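I'd like to ask some things about the structure below.
The values are calculated or read from the model by the stated rules, or taken from the named source; none is laboratory data. These numbers come from a predicted model, not from an experiment. Every residue, glycine as well, gets a Cβ built from its backbone with ideal geometry; the counts of neighbours run over all protein chains shown. The accessibility values were calculated without ligands, DNA or RNA, using every heavy atom of the protein model including side chains. Shrake-Rupley method; radii C 1.70, N 1.55, O 1.52, S 1.80 Å.
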Amino acid sequence: MTSEWVHDLKGKEVVFTGNFDGYVKADLAKIARDLGARNVSGWVNQSSTDLLVRGFSKAWKYGDYGDREKQVADMQSHGHRIQLIDEKGFHGLRSGFPAPALKPHWPNTLVRAAAEGGVVGAPYRHGAFAGPLQGDGEHCQDPGIMERGLKAHSATQDKLAELIGLHGLTPLSPFDKTCNFDLAWEREDGSVGVVEVKSITKENEPNQIRHGLGQVLDYGHRLTGRGFQPQLFLVLEAKPQDAVHWKPLCAEHGVILTWGPFFPGVF
């Protein structure tokens with residue numbers, strides 16, 4: 001069996017198959033090497049190839065796939081640990097996201113709808129390695145404020161992930177930049193908890209909460225469209241000064257507003 005995720009290209013031999021929107025093979029080879037690939041080959045080699053990246057072609061021998069992908073399927077059936085990702089997963093690696101390892105002949109397996117075997121997220125990555133903090137612009141221009149915000153964001157996210165684990169559930173991170181939540185988990189009732197975390201200060205509290213509310217609603221809409229049942233959480237590092245205003249406002253939109261260090265309302 002192959003691993004379910006590809007986290008990077010470091011030390012891997014990579015092969016590309018098919019066409020890629022806006023790129024020629026030389027461009028892709030350079031990107032792969034910049035990401036740490038040790039070699040980019042034109043052919044799948046049983047003794048050395050680690051990864052096949054799948055584009056698209058109308059000329060593939062088997063319709064939806066070609067000889068290289070068939071070879072990967074055959075190799076996997078004999079125990080080889082070669083993996084397959086698609087173009088979207090490859091570009092996700094460039095942005096620091098893990099790429100779903102696909103089953104040959106079944107492209108986009110992990111981004112399918114819930115009823116078709118899709119998944120919510122990848123294995124959890126600690127907050128310190130998550131995407132950059134998205135502040136309100138003005139305050140993130142101050143390096144000291146930005147550093148404080150990043151640390152508070154990471155600490156809050158990791159603390160909630162720890163709490164989720166203590167309840168016997170598995171915290172997840174995103175693998176798709178179009179649904180870039182901070183944290184998610186599959187809940188016991190079959191729904192999916194989806195979290196946007198925000199650090200706050202006295203000065204930026206309103207903007208951070210407004211921003212976070214819009215983000216988590218977007219994630220919920222996208223996951224609902226894939227057949228999941230999201231329960232949305234906007235998580236702050238501490239109780240907001242105007243909680244009496246923000247908590248019912250979030251509730252009107254189906255979002256639970258909570259905060260560290262104890263996260264009331266999550267469980």
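Between Trp60 and Glu186, what is the label-to-label distance in nm when each label sits 7 Å out along the Cα-to-Cβ direction?
2.7
Right, next: So between Thr178 and Glu162, what do we pick up on full extension, going 0.36 nm a residue minus the alpha carbon distance?
Extra length from Thr178 to Glu162 when fully extended: 3.2 nm.
Grab the beta carbon distance between Leu249 and Arg94, set R0 = 45 Å, and tell me the FRET efficiency rounded to 0.05.
0.75
Could you grab the relative contact order for the chain? Cα pairs under 8 Å, six or more apart, rounded to a whole percent.
13
If you stretched the chain out fully between Ala73 and Asn19, how much longer would it get, using 0.36 nm times the residue separation minus the C-alpha to C-alpha distance?
17.5 nm
May I ask you to give the solvent-accessible area per residue for the chain, in square angstrom, as obtained with a 1.4 angstrom probe?
I get 51 Å² per residue for this part.
I'd like the carbon and sulfur percentage of the solvent accessible area for the range 30-77, probe radius 1.4 Å, heavy atoms only, ligands and nucleic acids excluded.
Within the range 30-77, the accessible surface is 46 percent carbon and sulfur.
Restricting to Cα pairs below 8 Å that are 6+ residues apart, what does the relative contact order work out to for the range 172-240? Please round to a whole percent.
35
Please list the equivalent ellipsoid semi-axes of the chain, computed as the square roots of five times the alpha-carbon gyration tensor eigenvalues, in descending order and whole angstrom.
They are 39, 20, 16 Å, listed from largest to smallest.
Leaving ligands, DNA and RNA out of it, report the carbon-plus-sulfur percent of the accessible area of the range 182-245 at a 1.4 Å probe.
Looking at the range 182-245 in its full context, I get 46 percent from C and S.
Once you've got the GNM for the chain with C-alpha springs shorter than 10 Å, pick whichever of Gly89, Gly149, Gly220 has the biggest mean-square fluctuation.
Gly149
Ok, one more. I want to verify a result. In a Gaussian network model of the chain, Cα cutoff 10 Å, which of these has the top mean-square fluctuation: Leu183, Leu234, Leu35?
Leu35
Work out the FRET efficiency for Ser48 and His126 from their Cβ-Cβ distance, taking R0 = 22 Å, and round it to the nearest 0.05.
0.10
Something else now. Of the listed pairs Lys12/Lys151; Lys103/Lys177; Lys12/Lys58; Lys88/Lys198; Lys61/Lys103; Lys151/Lys202, which have alpha-carbon separations greater than 24 Å here?
Beyond 24 Å: Lys12/Lys151; Lys12/Lys58; Lys88/Lys198.
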